[in-house]
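A short worksheet on the structure shown next.
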Amino acid sequence: MSCYQLLAAPLSLYSGKARGYLRWKNVPFREVLSTRKVYENEILPRLGYGMVPVLITPEGGTVQDTTDIIDYLEAHEPGPGVYPQGPVQRLAALIFELFGDEWLLIAAMHYRWAYNEDFAYQEFGNTAFPDLPEDERFARGKAAAEKFKGSLPFLGITAKTAPAIEATYEEFLRAFDAHLAQHDFLFGSRPSIGDYGLLGPLYAHNYRDPASGAIMERIAPRVAAWARRTHAPQHPLSGDFLPPDEVPETLIPMLEMFAREQLPILQDTLADLQKWAAENPDSRELPRITGFHKYRIGGVEEDRAVFPYPLWMLERVLDHYASLQGTERDAANAFLGRIGAGALKTMQVQPRLARENFKLVRV
């Protein structure tokens with residue numbers, strides 16, 4: 001094997017994130033469509049469960065999870081990186097990755113199944129069964145995709161929350177569009193880890209799916225252009241982060257949305273993790289869901305499952321903050337206070353979480 005292989009799918013949210021990064025990093029790779037046969041012959045034997053994207057290294061190793069994929073390639077491939085060196089920029093970039101991966105997921109799933117259902121069924125069929133006739137691909141895709149549509153209530157996506165999801169998503173789009181009037185990416189002319197966190201939901205679902213793509217083009221055409229540019233870069237390994245550790249004022253409304261909407265959920269999730277750990281002292285591997293709780297989006301309250309995985313990504317934010325000292329810590333404190341996320345200064349994920357053998361465990 002002379003290059004990397006990316007086992008992925010066009011409609012997959014996290015495949016879009018990994019693919020865009022690989023293209024910008026100028027890493028030689030070959031994409032392999034994650035058909036039913038690829039799942040049976042490659043993905044399941046490697047992971048023990050079905051999930052994309054999966055990166056196979058030239059040596060035959062396996063890397064799964066987009067954050068792990070990006071970090072692996074940052075460590076093993078030469079050239080500029082996507083992690084800003086400025087301490088506050090890096091803190092903001094990690095927050096944006098967490099926000100995109102785990103919070104914009106709600107809007108991505110809502111718009112796919114509220115506005116693009118038949119398109120999604122066809123895409124599922126085209127991915128899993130590319131050799132079948134088109135109508136049969138649709139029928140098989142619909143059967144395969146029902147579980148994804150069925151997951152919406154677990155994410156807190158209901159008829160009650162739908163108007164609030166759309167209102168907050170459109171608020172985000174307008175804020176990001178205003179920022180992109182001045183900058184190519186979040187922190188200048190080079191994409192960051194935060195850009196790739198946003199890319200998954202904004203490209204693979206909400207731009208690429210036709211009905212929601214039309215909404216994005218209407219409300220935030222610069223965001224649509226950013227999605228195209230970030231997913232298929234024309235000048236890989238180019239660009240710079242803003243000096244000296246600048247977080248543009250135009251990003252503040254988006255970061256305030258993180259503090260207002262997602263941070264309370266992370267606090268609840270942390271409390272639930274500690275409850276689960278106390279009740280399961282002999283269990284290392286975490287379940288996908290540890291319980292249920294109330295959450296609020298756009299001022300609307302609804303029931304939602306508690307997913308511990310975002311706490312692993314939150315650890316990355318908190319670990320970076322904990323590494324700062326002196327004037328760097330002072331600058332970070334001022335930044336967190338500015339966006340309303342001062343609670344991050346004292347949060348600790350306990351027990352610590354890690355990924356071992358492609359699973360989330362406590363350590």
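The values are calculated or read from the model by the stated rules, or taken from the named source; none is laboratory data. Quantities reported herein were computed from a predicted structural model and do not represent experimental measurements. Please note: Cβ atoms are built from the backbone with ideal geometry, for glycine as well, and neighbour counts cover all protein chains shown.
Checked against (1) surrounded by 13 or more Cβ atoms within 10 Å (Cβ to Cβ); (2) farther than 26 Å from Leu199 by Cβ; (3) touching a strand residue (DSSP E or B) at 6+ places or on another chain (Cβ under 9 Å), Leu270 passes all but condition (3). Taken residue by residue, the range 98-109 has at least one member that is among the hydrophobic types (A, V, I, L, M, F, W, C), buried (at least 20 other Cβ atoms within 10 Å of the Cβ) and outside any helix (DSSP H, G or I).
Taking each residue of the range 149-168 that is assigned to a helix (DSSP H, G or I) and looking for partners that are surrounded by fewer than 15 Cβ atoms within 10 Å (Cβ to Cβ) and aromatic (Phe, Trp, Tyr) with beta-carbon atoms closer than 9 Å, six or more apart or interchain, yields Phe154/Phe292.
Scan the range 266-285 for residues that are aliphatic (A, V, I, L, M) and more than 20 Å from the chain's Cα centre (by Cα) and report the count. Going through the range 266-285 one residue at a time, the tally reaches 4. Residues that are surrounded by fewer than 22 Cβ atoms within 10 Å (Cβ to Cβ), within 20 Å of Ala108 (Cβ to Cβ) and at pLDDT 95 or above: does the range 25-34 have at least one? No, the range 25-34 contains no residue that is surrounded by fewer than 22 Cβ atoms within 10 Å (Cβ to Cβ), within 20 Å of Ala108 (Cβ to Cβ) and at pLDDT 95 or above. Counting only residues that are over 12 Å from Leu173 (Cα atoms) and either free of Cβ contacts under 8 Å to residues at least 24 places away in the same chain or part of a loop (DSSP other than H, G, I, E, B) (or both), the range 214-225 holds 1 of them. Applying the criterion of being part of a helix (DSSP H, G or I) and over 18 Å from the mean Cα position of the chain (by Cα) to the residues of the range 228-250, the residue that is surrounded by the most Cβ atoms within 10 Å (Cβ to Cβ) is Thr250.
Does the range 201-213 contain at least one residue that is aliphatic (A, V, I, L, M), part of a helix (DSSP H, G or I) and either over 18 Å from the mean Cα position of the chain (by Cα) or surrounded by fewer than 22 Cβ atoms within 10 Å (Cβ to Cβ) (or both)? Checked the range 201-213: at least one residue is aliphatic (A, V, I, L, M), part of a helix (DSSP H, G or I) and either over 18 Å from the mean Cα position of the chain (by Cα) or surrounded by fewer than 22 Cβ atoms within 10 Å (Cβ to Cβ) (or both). Of Pro308, Pro264, all but one fail to be of a type outside the set (A, V, I, L, M, F, W, C) and farther than 16 Å from Leu360 by Cα; the exception is Pro264. Just checking, does the range 52-65 include any residue being touching a residue at least 12 places away in the same chain (Cβ under 8 Å) and in a helix (DSSP H, G or I)? Checked the range 52-65: no residue is touching a residue at least 12 places away in the same chain (Cβ under 8 Å) and in a helix (DSSP H, G or I).
The listed residues are Leu22, Leu6, and the only one of them that is outside any helix (DSSP H, G or I), surrounded by 14 or more Cβ atoms within 10 Å (Cβ to Cβ) and at pLDDT 95 or above turns out to be Leu6.
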